[in-house]
Amino acid sequence: MEQLTFDSAPSVFTVTEVTAAIHRLLTLNFDDVRISGEISGYKVWTSGHAYFTLKDSGSQLRCVLFKNTLRYMRFKPADGLAVVARGSVEVRQERGEYQLIVSSLEPQGLGALQLAFEQLKARLAAEGLFAAERKRPLPAFPRRIGIVTSPRGAVIRDMLTVLRRRFPGLHIRLFPTPVQGDGSIDGICEGLLHFAESGWPDVIIVGRGGGSIEDLWTFNEEAVARCIVECPMPVVSAVGHETDFTIADFVADLRAPTPSAAAELIVRNRADVLAALDTTTHRVERAIHFRLSQAGRRLHEQGIQHAASLLQRRIARLGQRLDDVDQRLRQHDPRTRLATSRRRLDTAVHALDDRMQRRMLAAAQRVQNAAQPLPELMRRRLDAASLRLNPLAARLQALSPLGVLDRGYAIVQNDSGRIVKSPSDAPPGMGLDIRLRTGRVRATVDAGASDSDEPPPAT
């Protein structure tokens, strides 16, 4: 183990030197260690790396799980989970902290695969993918069957043998795919997607033979489970032996204990179907014969009475028809129709005379009533008009300039046609037009006129 040496006279080290020395010590002595503890504070950052603390009753250790390692883990780490972490202890020199770079993680107690199985099972159950009401019923008589499995091995041979024995003539299509190892997950999902998009099969079988949990792990993958759920037609899971259970068994519409049992569950035995059909045919024939015999007896017992009743009804209908013919003949007698027409005509003439007389009397009364008050009404209107006109005429006479001229006054206008009101309106030499009560007089303003109150002499 590398050690730091100190002289009798203490040397001064920088923080970087001490941290680098500690990093070398940890790297050399803790390059590959296994540490048990409980996960706490587990969190995945946006970078894809996971950080958590591994602790026990006395201490704790920071750990980092890089995304490339996390991607291939079988189970999902969680707080409180007891694990054994394997990795190397290193120092983050920029912070002066040491941490464990985890290269693998194994749960204590349960194995990694079993823990991953339980975690996925709980999560899908919480989503309701195992609920019975979500499962679709299988068709009673499927004609087209799609199978997703390996083309090699006893599984496909056993299923084909059972299907052909129980119901010959079925249409069967195989989508070959590996069911274990690399490419098995994608192959099974592609097979389910192929049948779903084609819409060809009435039902799909997906499965394989028995094996360990590692051999069957493809059918515990979430991708396979969700492809089964999203398939539009019923899916039967036939994986392993009767004691083997996978996630595919829980999400499928029907779980078969073995592949051969799946073939027996989805297809009925043709011989049994034909026998049941013969039995049903005989029962139907007996029921029909019994019903016919009962109907025959009832007709025989009621035949005479029914015939008599029919004859009576026919005689009654003929009597009604005779009554209808007699009534129509009476209505179409020419003498009866002529008398009826005369009565209608006389009634119409009398009614028209009465109506015209009443209308003429009413019109004469209205004319007489309208003519009586007309002279008096005209006289009252003329008196009222005269009363309104006399005051207006008096006012007009008082305001007329002719009335002023009757009293000896005159209206003087200059050559411009303006009425002279002051000496400035009639300067010397301007002609004047003087209007009297009767006639007009022309005059000229004298040059010796002034602005005094005396009027200028006119010539």
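Here are the numbers:
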item	result
Cross-link partners of K43 among aspartates and glutamates (Cα-Cα below 13 Å; sequence separation of 8 or more within a chain)	D79
Cα gyration tensor shape for region 23-166, rounded if a/c is under 1.5, else prolate or oblate	prolate
Rounded, prolate or oblate (a/c below 1.5 giving rounded, otherwise prolate when a/b exceeds b/c) for the chain by Cα gyration tensor	oblate
Mean Cβ count within 10 Å, highest first, over the residues of peptides 228-241, 171-184	228-241, 171-184
5 angstrom amide H check on I205, placed H, neighbours 5+ away	G146, I147, V148, V236
Cα centroid separation, region 43-84 to region 138-215 (Å)	39 Å
Of the GluC sites (Glu not before Pro) in region 44-113, those whose Cβ has at most 13 other Cβ within 10 Å and which sit in DSSP loop	E94
Value of [θ]222 nm, deg cm²/dmol, for the chain, DSSP H segments ≥ 4, -39500 (n - 2.57) each, nearest 500	-16000 deg cm²/dmol
Cleavage-rule hits, chymotrypsin sites (Phe, Trp or Tyr not before Pro), region 44-143, DSSP coil, Cβ neighbours within 10 Å at most 11	W45, Y72
Among 245-256, 14-25, the order from most to least packed when residues are scored by Cβ within 10 Å on average	245-256, 14-25
Loop trypsin sites (Lys or Arg not before Pro), region 80-109 (other Cβ atoms within 10 Å of the site Cβ: 14 or fewer; DSSP)	R95
Å² of accessible area per residue within the chain, as computed with a 1.4 Å probe and no ligands counted	69 Å²
DSSP beta bridges in the chain [antiparallel fraction, %, rounded to 5]	65 percent
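The values are calculated or read from the model by the stated rules, or taken from the named source; none is laboratory data. None of these values were measured; they are calculated from a predicted model. Note that we place each Cβ from the backbone using ideal geometry, even for glycine, and neighbour counts take in every protein chain shown. Side chains included, ligands, DNA and RNA excluded: accessible areas come from the protein's heavy atoms. Shrake-Rupley method; radii C 1.70, N 1.55, O 1.52, S 1.80 Å.
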